[in-house]
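Everything on this sheet refers to the single structure shown next.
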Amino acid sequence: MTRSQTGAELGRTCALAVECARDLSRHARRYGELFPAKPFDPGFFHSLGLVGAFGSPWATAAELRAVSRAALWVFAIDLRIDHAATSREEVAALVGDCLDVADGATPLSPITRFLADLRHGLRYGFHDDPEEGRDGSCGALQEEPAHAAWRAQLARMLAAMAKEWDWRATEARPGLEEYLGNADGTGSSFVNLSHWISTGEPVEPATRAGDEVQRYLRLLNDLATAGREARWGDANALTLGAGRAEVTERMAGIAERAAELIQPLRATSPRTAYYLERQLTFNTGFYGISDYWGEL
């Protein structure tokens, strides 16, 4: 590969990221109060655009709407549970409302309306306006196994977020093993599953590899954002008592297992393998300099 080819490919990927960021900004405006300027500053939307584009550089911005919008919703629900909810009852009600909407109930709040639009997009296709495409055309999530898997991963993610709320409220200090067992709270596996359902990639072979990548990203985020999360009161392996050396050692083992699980995908699902590898490598570079969140 020549330098000019490399530059051209990087240029296209960055342009794709810009288009994704613009699409995300337009989409976020539909839900008003969910996305205040702090912490959802312009850099936040560009960051999500970048990770989507570098994970699937062959795609178009329209083809990345599932992964981009799923990630956007994860950040919104995380903020609602971590920083807006004032009681365990409020957290439980929010989780229940989200699961009801995932099952087809009418959304009654901006956060559940966004989730309903995400679910609808996975069923009928993603459009500039979520109201488009509601003509009954079949999508992947129309199939019961896909919907059941998506709903189950949503439930795991929300349960993990609620557990983190409990840890903070009770000043609990779970050990590293228990903490990693709650990694679904990052939302990475939920975003991955939404992406694979939308693109038609085989889901089952990639799930185990994706879960290992999720655990790696949980600890990578903790190393890079311990200061910010301490200020915000968020769960973090370091603030819960794990040492940097212990976390780094655990990350190395997780990365090795992830690589072993990704390897067979190269032959059967090469784009899925590339996507998961980019989740690891892109975020390693990204967190070396920046963070997705803006200032709260």
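The values are calculated or read from the model by the stated rules, or taken from the named source; none is laboratory data. What you see is a predicted model, and the numbers here were worked out from it, not measured in a lab. When we count neighbours, we look across all protein chains shown, and the Cβ atoms used for this are built from the backbone with ideal geometry, even at glycine.
Restricting the first member to segment 80-105 and to residues that are over 26 Å from Ala148 (Cα atoms), and the second to residues that are of a type in the set (A, V, I, L, M) and surrounded by fewer than 17 Cβ atoms within 10 Å (Cβ to Cβ), the beta-carbon pairs closer than 8 Å and six or more apart or on different chains are His83/Leu296; Arg88/Ala169. Put simply, of Gly7, Gly104, Gly43, Gly52 the only residue that is within 21 Å of Leu193 (Cα to Cα) and part of a helix (DSSP H, G or I) is Gly52. State yes or no: is Asp234 assigned to a helix (DSSP H, G or I), on the phi < 0 side of the Ramachandran plot, among the charged types (D, E, K, R) and in contact (Cβ under 8 Å) with a residue 12 or more places away in the chain? Answer is no for this residue.
Cβ-Cβ distances below 7 Å connect no pair with a first residue in segment 36-57 that is at positive phi, a second residue that is modelled with pLDDT under 95 and surrounded by fewer than 17 Cβ atoms within 10 Å (Cβ to Cβ), and a separation of six or more residues or different chains. Among the criteria (1) surrounded by fewer than 18 Cβ atoms within 10 Å (Cβ to Cβ); (2) assigned to a helix (DSSP H, G or I), the one Glu295 does not fulfil is (2). The C-beta contact set for segment 284-296 (first residue closer than 9 Å to Ala224 by Cα, second residue of a type in the set (Ser, Thr, Tyr) and surrounded by 12 or more Cβ atoms within 10 Å (Cβ to Cβ), distance under 6 angstrom, 6+ apart or interchain) comprises Asp291/Thr225.
Only residues that are over 22 Å from Ala102 (Cα atoms) and either without any contact (Cβ under 8 Å) to a residue 24 or more places away in the chain or hydrophobic (A, V, I, L, M, F, W, C) (or both) were counted in segment 176-214, giving 8.
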